Structures are given as C-alpha cells and as structure tokens.
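The values are calculated or read from the model by the stated rules, or taken from the named source; none is laboratory data. Bear in mind that the values here come from a model prediction, so they are computed numbers and not experimental data. Ideal geometry is used to build each Cβ from the backbone, glycine not excepted, and the neighbour counts take in all protein chains shown. Note: areas computed on protein heavy atoms with side chains; ligands, DNA, RNA excluded. Shrake-Rupley method; radii C 1.70, N 1.55, O 1.52, S 1.80 Å.
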Amino acid sequence: MDPRILQELRAITGDRGLITSPEQLKTYECDGLTNFRVLPDAVLLPSSTEEVQAIVRVCHNAGIPFVARGSGTGLSGGALPVKEGVVISTARMNRILEVDLPSARMIVEPGVINLEVTERVAANGFFYAPDPSSQSVCSIGGNVAENAGGAHCLKYGFTTTHVLGLEVVLPDGSLAHLGGKTLDAPGYDLTGVFVGSEGTLGIATKVILRIVKRPECIHTLLAAFGSTIEAGAAVSGIIGAGMLPAAIEMMDNLAIQAAEAAVHANYPNCGGLLLVELDGPTAEVEALMQQVDAICRKCGAKEIRVAQTDAERALVWKGRKAAFAAVGRISPNYIVQDGVIPRTALPRLMSEIERLGAEAGIRVANVFHAGDGNLHPLVLYDRRIEGQEHAAEVLANRILELCIEAGGSITGEHGVGEEKKMMMSKMFAEPDLETMQRVRCAFDPKQLANPTKVFPRPRLCGEQPGEYHPHPLELAGVAERF
Amino acid sequence: MTLADEANLFDVAKGGDGAKSAPSASPAGTEIGAANPWEKLRTVGTPDQWRDAGPKDNVAGVQPTIVFEPTNEVELAMVLRYADSAGLSVIPRGSGSKLGWGNPPIRADLVLSTVRLNRVIEHAWADLTVSVEAGCTIATLQDTLAQHGQRVAIDPLWPEHTTIGGLLSTNDSGTLRIRYGGLRDLIIGVTIALSDGTLASSGGKVVKNVAGYDLPKLVTGALGTLGVVTRAVFRLHPLPHNVRSFTFVTRDAADANRFVLAVQDSKLAHTGLQVRFNSGAQPEVDIRFDGTDAGLAAQTETLQKLATPAGESQSNEDVWHARQHLFGTAPFPPSLRYGVTSARPTASTPGDTTTPAQDSKSTAIAKFSVLPASIASTCEQLRGSTEPLNVHWSAVVQGTGLGWIRLGPANANDIRQLLQTLRSKLEPAGGSLVVQYRSSEIPEVEAWGNPGDALPLMLSVKQQFDARKTLNPGRFVGGI
Ligand SMILES: Cc1cc2nc3c(=O)[nH]c(=O)nc-3n(C[C@H](O)[C@H](O)[C@@H](O)COP(=O)(O)OP(=O)(O)OC[C@H]3O[C@@H](n4cnc5c(N)ncnc54)[C@H](O)[C@@H]3O)c2cc1C
Ligand SMILES: Cc1cc2nc3c(=O)[nH]c(=O)nc-3n(C[C@H](O)[C@H](O)[C@H](O)COP(=O)(O)OP(=O)(O)OC[C@H]3O[C@@H](n4cnc5c(N)ncnc54)[C@H](O)[C@@H]3O)c2cc1C
C-alpha cells in the first residue's frame, strides 16, 4: 500500500488503530468460512463515526476497496478481505448509547455483541428477539449486514423487523440517517434495503433497535420421532392447526449424536427430534401445548418431554445451538449449508438429500429451523480421503439447486457473500440482478464497499442500461398467450 | 399482437433519438419520431383496454390524457417502456382510493390501471404464503385466504377498494401493526416493472430469504415512483380463534398515555391498542386480544389487575374502524375523491361536538409518527394550538406511536398553519407528519415533510430506477 495513504490512515486512528504487520493481519484473512483467505493491506480499528468517515474518505479518494468487519463469524465469506483493500473493524465501536424502555428502543454502536443487548435489558423484562446461534460472539453490525436470523424469528421476525433506523457512513464518506426511532419515516425505506446488504452499501455506525417484552410464560416441548419425515408431518399439523410457535426446530439422528457428544443435552436417541417452543400468556400456552402434544402423538412421537424451568429450557437449547460446532465431534471436516424451501417440500427434500448422500458416499447431518423451512444440512467429509472434499462440495451445491427447484432460496440467514455469488444467477434472472445492482450504484457508484461480493459480476455504474433481455416471466407470459 | 410486433415495438422504443433526449415539458411529446406517440402506444393490447381519460381520472387536480388497463405484466411493462422513451409521464393506479396522497404530480399523461391484473395467483396455505397480482383488492384477497383460516395480518383503509399495489405503494397500516408489524414485515417477494420496461423480481416465496437486496421493502411506501408493482408475495398468519375488545375512558391524554405504556410494559399479548381523541372529550383507549377461550379469560383477568382507568366497557369490534371513520364513513367519501376537492366532509366522527362556523368548512387529515411515550405530549400540543383558533380536531393513535388526525371543519388558513406548527414540533424530536388529505381551499402544504440527510441517497435511487422521472413525477418526498 502506498506509504502516503498509510500515513493518512495512521493520522486518523493512531498507531493503536492500524494493523499492518503480516502476522497480525492473518487474524483478519478470513471469516467463519475458512476456505477463502485473502490478506488485507491494512486493518483499521476506528472508535467513532468520525473516524470511520475519515477512513472511508481516504479510500474513496484513492479508490481503495474496503470491507467492514464485525466479529468475523459470518459463514459466507462476507467479511473476507478484498485484494489490495483494507478491512474496517467495528470492534472498538461497542457502546450501548441509549436505552429507552418506555418506547422499547435501544441505540447501539455496531460492534456491540448481540447477546449484550438482551443482557442489558433482561432485568427490566425485555429481550432482543433475533437470536442467531452465534449470539454470544457476533456483532449487531454483522447481524444488520446479514439480516441474521435465529430460532425465535419464526414468531418474532428477523433482524430487519427489529432495526428501525441506522446511521450509515456511505462509500464516499458522507453520513446518512436512515429510518429513525419512530416508525414510517417519510421517504424510501432505505433501512429495509441496507439490512441484509452484506456490507456492500456502506458501514453502519449506529443502529436503532426495537426490543421486546419477555412473554409471561415459555414452554419447550421435545418430541422424539422415528424419522424426520414423521417429525415434518407434526410440523405441518401444528401450523395447520393455526398456531404460530415461537420456534420449531428439527434435528436428525446424526445431528443428535453430535450434540450429545458435545454438550450432553440428554436428547432422546431417535430418527427425528422436534423442538417446539410456545410463549405468551400462561393459560394460552398451556392450552396450546396440549394441542401440540396431541398432534405429535398422532404423528408417531415415541417420547415427549416438556421443559418448563429456565434451566431445563437452557439445556434443551444448548444442544441445538451447539449443533454446528458439535458436528466436529463426529467428522473431521464439514460444510455448513444454508438453504430454504417451502416447508411442505420438506419430506421430499429430506429423502432426496438422503439418496444423494448415499450415492456419493457422504454423510449429511441435518439441523433446521423447521417452522420456516430453513435447512442447515451439514455435509461431512474427511479431507484426507482423496476426492471426498470435492464430492462434498458437489453435494452441498446440489442441495442448493434442489432448494431453488422447490421454489426456495439459496440462503435463509448466512448470506451470499463470496461463497454463493455464482448461485445468484441460478436463483435470479439477469434483469432481477441488474435491478438490484441499481441500488448498489445509487449507494456506491465507485463500487468500493465490499465490491466483489453478493453479485456474480460487477456492473459498471453509469453504464447505459444494456440490451433488453426479456424476463423469464415475460417469456412465460408470451407463451401463455399462444 | 404477434411476437414480431412486440419486437418491433421494443425496437422503436429503443431506437428513437428520444430515448436519449430529455423529456419535453409538453405531455404529448414527439421525441419518439412517430407523429403521435399515442398511436404507437395503442398498438399494445386491444382497443377496449384503452380509453380517453375523463374528469374522474383526475390525479390530485392534474388531468391525464389516457387510461390503459393491461391484462398482463408484459403489456404493462411494454407500455411503460414506450411511454418513458416518448417522454410521457405515467401514473400507476389501483382503483384510486389513495390517489390523492402525496403532492400533486408535476405532469400526468398516462394512467396505468391495474384493475385487470387482479388474480390471486397462488395461495400456498400449507406454507402460509400467497402470491397475488397488484390489482387484486385486499378484501378479495382476504376472502380467498379465509377459506383456509388465514389472512395477511394487515387492516388498511377501505379494504374493499384498496388494491395490493396501491396498498404497498402507500404503506398503509392499521390496528394490527402493533402485533404483526407493517407491510414491510409481511411482504416477502415482489415483481416490478421499471420505466425502461425491465420486469424484475426479488425476494421469493419463502418466508426466510436473504439472497440479494430486499427490494420488496424498497417499493413499499415508494408511492409508485420507482416502478409499477405487478405482483407481490406475502407471508400469512392464521385467523384468530376468538377476539375480545375493551374500551376505557381515561381522564386526560396523560392518563391515556400512561395506560398505553402500562399495557405495553405488561405480559399481555394484545393484538390492538389505540387511543381515540376528540377535542372536548375524554380520550378513550381500546385494547384487543385474541386466542383460546382459556387464554382470553386469563388475559382479561390480567388486564383488570393493571392499574386501569375507570370506565371500562367491553366494546364491539367497530371501535377498530375509528381510523377509517376519521377519513369519513362512506366507502368513497366525496370529500376524499382524489384528495383535493371542495366537498364537505361526510363523516361526523364519534363524539363530534363542536359546531363549526359557517364559512369554515375546510378539513385536513394527516398521519403522524411519534414515540409511544410521546402520545400525550403530542396531543397536548395539538390541544394547545387548536384551542385559541377554535378548531375542532380528532385523532386515533396506535400504541406503536403512529397516529392520524383530522382537523376541521375550520378556516383553511388556520388548518394550514396548524399542520405546519405540528410538523415543526414533531420533526426536531425525531417524529414526522404526512398530509394525506386537505380540502382544495387549503393553500398548498408539502405533503411529506423533511426526509433529512438521506434525501440525496433517495434522489440517486430514483435516478437509477427512473432516470427520466416518468413515474408519478413530483409526488414524493423532496420533489421525487
Ligand atoms: C373513476 C373512479 C372514481 C373513484 N372515486 C372514488 C372516490 O370518490 N373516493 C374514493 O375513495 N375512491 C374512489 N375510487 C376508487 C378507490 O379509490 C379505489 O377503489 C381504491 O381503494 C384503490 O386504490 P388503491 O388504494 O389501490 O391505490 P391508488 O389510490 O390507486 O394509488 C395509491 C398510490 O399508489 C400508486 N400505485 C397504485 N398501484 C400501484 C402499483 N401497482 N404499482 C406502483 N404504484 C401504484 C398510485 O400511483 C398512487 O400514488 C374511484 C375509482 C375510480 C376508478
Ligand atoms: C457457530 C455459528 C453459528 C451461527 N448461527 C447463525 C444463526 O443461527 N443465524 C444466523 O443468521 N447466522 C448465524 N451464523 C452466522 C454469523 O454469526 C452471522 O452472519 C452474524 O450476523 C455475523 O456477524 P459478525 O459480527 O460476525 O459479522 P462479520 O462476519 O464480521 O461480517 C458479516 C458481514 O457483515 C458486514 N459488516 C459487518 N459489520 C458491518 C457494519 N457495521 N456495517 C456494514 N456491514 C458490516 C461484513 O462486511 C460482512 O459482509 C453463525 C455462525 C457461526 C460461526
């Protein structure tokens, strides 16, 4: 990197806030998806919005790409550095700035850890609803960028539902306030667009969050089935009965074994384990729990337990939340996949995955948010066995294609990042992607913010819209008329 | 029309020099090269889909020339692209219930009506999702969904008339918002036609999906200034089993606000919470629950244990229409036709007591947004500024802090001044005020207020999506 630019950056953050030594830079060369690695030219650790602005201005003037980084737990390579670029870490911007209990709002800096938000207001009976399994380490800024989800998002909604406003440093270093503490700020809902934009539209420097009152009562039911197919039927039964549980999670036998080995959650050993959490007024929860119990038994549940105390519930959730890491106990290497299907396609997809796995000689453990059809197949392999890594990658990609074919999505919560940008063309048609790129051009005409991510190829902003490509819908529409 | 004709049309649209020149100020611009752009336009679809615009098609006082009713998305996109390259401005229209919202357009040539795009495409009830065309009314949609005991958890104004496209573009929400969120939280996929004819989909038909930018949220509340919505996908909720509502008469605004905050701070799982204000009357608070019989009984008990104000009564569901009553009782109150008219308001809002002076017959309706803890101070503010002018007002404020006020009937200048005063108090505190209706005698008031330092970004989004300002020109914030 040009020493003069380095000098400019140093003047902003001081020596404490600038990392350039190769050994230290290595910490930042990847995120949670470790098979992609790029060494950045420098890492900056600003401690204020003004410092972020100043850094971004330097980048903008010099045409240097920058990548924001929270805790680096992302699973799609979102925080992977860009060649000849810098990383801007929010680790030092970790203050909770405002807690407004009467209006149930909090204002935090992006480096605040997800769980700290709930911890700060728990004594007052509030919680922050989006609860990714990584909540004890991931940052709010990273959650905003990925629109992170969690088990309880089935009822409470994803990060985007709980972010009301943002202070954002735009890619030219200017500041914009999107949304606000009140609802429906006049103008375009740019908060809604920024959430889930994976660091490609700028850097969030303040986040206005909505917090939620803890319900009167929470019960968690654990039901053991012979197979995930039976468990899936129970899920359909519960939804069909008009209930909206706080969470419905499912694990297959391999995932149960892994969780048991890792945290001894005391799960029953079975083919398909269902975890159903209901919350709300006690009388309501008790009445509905009886219905859930009946539905599960009707669908063949062999064993049912209900966790009522906080300690019991914590143990039940510990197994589920540890599942990704736990798989390390039963396989030396594995790919964490993230795909979504319409929930009704679940039985079909499960048998298809099983068949493909058997064919390829690869084991797949399944953990998923069953209520909203978000699958996390864990594709297990051993790098030391020749050809297995490749076979696992092929299988993981094939599973995503199955999700698209079923009318679903290539990612429910981990994002596109570096990993799935090529898959975007399979899920979306060219005009769809081109239209999304217009948003990027509006925010970042020079394409400096996390420039190589999300889209299969960059679009030059300011380029005249190219030749007209009819949308598949149009082609279908035309066909319909003949 | 044949495929070859279609290709032709696109060639004309692409090839004309007009495609690169600035739109002319005259509506029927001639840049396209053809003698009369309307002639070319009319080759799309069949003649019965076209008609000359009449006085009823007037858009907030601006008279368009022609109305087109596409029967599919392709026709819609083609006409849009063609109009865009001919420098004509386009007003998307559902059925027009909220066509008066926003500022009057700078120009209005073509009304693009979605009335014939009205199908419920797929109700995947087992997956709790629905795809629907933009011209379908919310009532038709809800009737279809109810067959499987489901709904889109939204209760907008005039459901029998409001179309999905109009609803999304105006981002209207009602009493269910406090439990289920707004449209932004319910929409999961959208298809839009851009002014250059691009048809683009984003989101999808699964509830959970983070692939690509969230364009469904971008078009929600954009007042049709970025593209024309052709279809949308929503997540659904089960219809409630039983519903029970209560009304409390409170001492004053502070008492009402205290009660609202107490309910919000409790473990109750209410699905509606609102305060009704009427100048001169005591504010009333409505609260609604749904659930099983056992759940309802228990919640009723809990509610009574809260420090509730005196004067509780079990109320009928009608109180939840208070917001619509504010706009007027008739489904299409003449006073609201196209936003700007001189007709008298039709509704006597509940508790309407003051008698307006004979020559003071103007009214205005505005939506405002404040923090839930500021409901009382906002209404005290209103009381303070209306009293000296002797202007009648009524308001419905949801527990979310979103409220609607009706000012008048009163003197036009007084109302204008009140709107501006209120806005000037709300904005510095982070709130907002949007004028949704004013009678025509009221001198022009900016409809939206100040969008703050995000405006340059909004302008560049508009530039990227609709560079020639073809769609609803001048109607949105900051002149967009
Ligand atoms: C001739 C006529 C007379 C009428 N008279 C009355 C009357 O007196 N009073 C009354 O209340 N109603 C009247 N209506 C009808 C009534 O307003 C409609 O039924 C209304 O409820 C539907 O409008 P809307 O809510 O769908 O949106 P609209 O009011 O049509 O539109 C609201 C906003 O959204 C935009 N928009 C609409 N659809 C789209 C889309 N698909 N994509 C992008 N932007 C879009 C519009 O440009 C506008 O800015 C009349 C309708 C007609 C045709
Ligand atoms: C064991 C494990 C379990 C997980 N479980 C879940 C789960 O249940 N649900 C879920 O959704 N995810 C889960 N994740 C993924 C990950 O934790 C989330 O994506 C999280 O939101 C990332 O936060 P982070 O702070 O680590 O962000 P990073 O990984 O540092 O960054 C993620 C992206 O955000 C961008 N970014 C970071 N900060 C900002 C900012 N201030 N402004 C703009 N862009 C920014 C980065 O550029 C990058 O593109 C899991 C990960 C692990 C390792």
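Assign one of three labels to segment B:414-480, namely rounded, prolate or oblate, based on the Cα gyration tensor with a ≥ b ≥ c the square roots of its eigenvalues; rounded applies when a/c is under 1.5, prolate when it is not and a/b is larger than b/c, and oblate otherwise. Verdict is oblate for segment B:414-480. In chain B, helical runs assigned H by DSSP with n ≥ 4 each contribute -39500 (n - 2.57); averaged across all residues and rounded to the nearest 500, the mean residue ellipticity at 222 nm is -7500 deg cm²/dmol. What is the distance in Å between the Cα centroid of segment B:414-480 and that of segment B:239-315? About 34 Å separates the Cα centre of segment B:414-480 from the one of segment B:239-315. For segment A:3-89, the share of accessible area belonging to carbon and sulfur comes to 50 percent (1.4 Å probe, ligands and nucleic acids excluded). Per residue, the solvent-accessible area of segment B:26-113 (1.4 Å probe, heavy atoms of protein chains only, all protein chains present) comes to 32 Å². Helix B:73-85 and the long axis of chain B differ in direction by around 70°, with both axes built from C-alpha atoms. For segment A:231-257, the residues whose amide N sits under 19 Å from a probe point set 7 Å from the Cα of residue A:291 along the beta carbon direction are A:232-249. With R₀ set to 45 Å, the beta-carbon distance separating residue B:297 from residue B:417 gives a calculated FRET efficiency near 0.35. Panel values: segment A:58-98, Kirkwood radius from alpha carbon pairs, Stokes-Einstein at 20 °C and 1.002 mPa s, translational diffusion coefficient 184 µm²/s.
Report the calculated FRET efficiency for residue B:48 and residue B:144 (r = Cβ-Cβ distance, R0 = 35 Å), to the nearest 0.05. Working from the Cβ atoms, E equals 0.85.
Here are some pairs, A:213/B:462; A:321/A:421; B:361/B:425; which of them have Cα atoms lying more than 29 Å apart in this structure?
A:213/B:462
Report for the protein assembly as shown the percent antiparallel among DSSP-assigned beta bridges with both residues inside it, nearest 5. Antiparallel bridges make up about 90 percent of those DSSP assigns within the protein assembly as shown. Comparing Cα centroids, segment A:85-162 and segment B:185-206 end up 29 angstrom apart. Extension gain for the segment residue A:20 to residue A:261, taken as residue separation times 0.36 nm less the Cα-Cα distance, is 82.7 nm to one decimal. Within the straight-line cut-off of under 18 Å between alpha carbons, the lysines reachable from residue A:420 are A:453, B:208, sequence neighbours fewer than 8 places apart in one chain being disregarded. Once the partner protein chains are put back, segment A:81-108 shows a loss of at least 30 square angstrom of accessible area, versus the chain by itself, at A:102, A:103 (probe 1.4 Å, ligands and nucleic acids excluded). Taking a ≥ b ≥ c as the square roots of the eigenvalues of the Cα gyration tensor of chain A, is the shape rounded (a/c under 1.5), prolate (a/b larger than b/c) or oblate? Prolate is the answer for chain A, as a/c is 1.5 or above and a/b outweighs b/c. The Rg/Rh ratio of the protein assembly as shown, with both radii computed over alpha carbons and Rh defined as the Kirkwood radius, is 0.96. In segment A:171-197, comparing the full protein assembly with the chain on its own, the residues that lose 40 Å² or more of accessible surface at a 1.4 Å probe are A:177, A:182, A:183, A:184, A:186, A:187, A:188, A:189, A:190, A:193.
Over segment B:390-437, with every protein chain in place, what whole percent of the accessible area is carbon and sulfur at 1.4 Å, could you tell me? Show your work: numbers first, answer last.
Details: 580 of 1350 Å².
C and S fraction of accessible area: 43 percent.
Using θ = phi - 60° in the Karplus curve 6.51 cos²θ - 1.76 cosθ + 1.60, the 3J(HN,Hα) couplings for segment B:463-480 round to 4, 5, 8, 8, 4, 8, 6, 6, 8, 6, x, x, 7, 9, 4, x, x, 5 Hz; x is entered for Gly and Pro.
Counting only Cα atoms, segment B:35-104 measures 31, 26, 19 Å along its principal axes, largest extent leading. Rounded to the nearest 10 degrees, the inclination of helix B:293-305 to the longest alpha-carbon principal axis of chain B is 60 degrees.
On association of chains B and A, roughly 7300 Å² of accessible area becomes buried (total for both chains; probe 1.4 Å). Both numbers refer to the Cα atoms of segment B:87-171; Rg and Dmax are 14.3, 47 Å. Phi angles of segment B:389-394 translate, via the Karplus equation with coefficients 6.51, -1.76, 1.60 and θ = phi - 60°, into HN-Hα couplings of 8, 6, 9, 6, 9, 9 Hz per residue; Gly and Pro are given as x.
For residue A:318, the aspartates and glutamates whose Cα comes closer than 17 Å to its Cα, not counting residues fewer than 8 places off in the same chain, are A:131, A:249, A:252, A:260, A:277, A:310. Shape class for segment A:10-100, computed from the alpha carbon gyration tensor (a ≥ b ≥ c): oblate, with a/c not under 1.5 and a/b at or below b/c.
DSSP beta bridges fully contained in chain B are about 90 percent antiparallel. Applying 1/(1 + (r/R0)^6) with r as the Cβ-Cβ distance of residue A:136 and residue A:214 and R0 = 22 angstrom yields a FRET efficiency of 0.75. Name the residues of segment A:339-376, by number, that are at least 20 Å² less accessible with every protein chain in place than in the isolated chain; the surface is that of heavy atoms, probe 1.4 Å, without ligands or nucleic acids. Those residues are A:340, A:342, A:343, A:344, A:372. So for the protein assembly as shown, taking the charge dipole from beta-carbon charges (+1 Lys/Arg, -1 Asp/Glu), which of B:182, B:44, A:63 sits furthest toward the positive end? Final value for the positive-end residue is B:182. Considering helices alone, the calculated mean residue ellipticity of chain A at 222 nm is -10500 deg cm²/dmol, with DSSP H runs of length four and up weighted by -39500 (n - 2.57) and normalised per residue.
Annotation for residue A:394 and residue A:241: the two label points, set 7 Å from Cα along the Cα-Cβ direction, are 4.4 nm apart.
How much net charge surrounds residue A:99 when only other residues with a Cβ under 11 Å from its Cβ are counted (Lys, Arg +1; Asp, Glu -1)?
Charge balance in the 11 Å sphere: 0.
The modelled label-to-label distance between residue A:50 and residue A:84, using points 7 Å beyond Cα along the C-beta direction, is 3.3 nm.
What net charge do the residues around residue B:381 carry, taking every other residue with its C-beta under 15 Å from that of residue B:381, with Lys and Arg at +1 and Asp and Glu at -1?
Within the 15 Å Cβ shell, the charges total -1.
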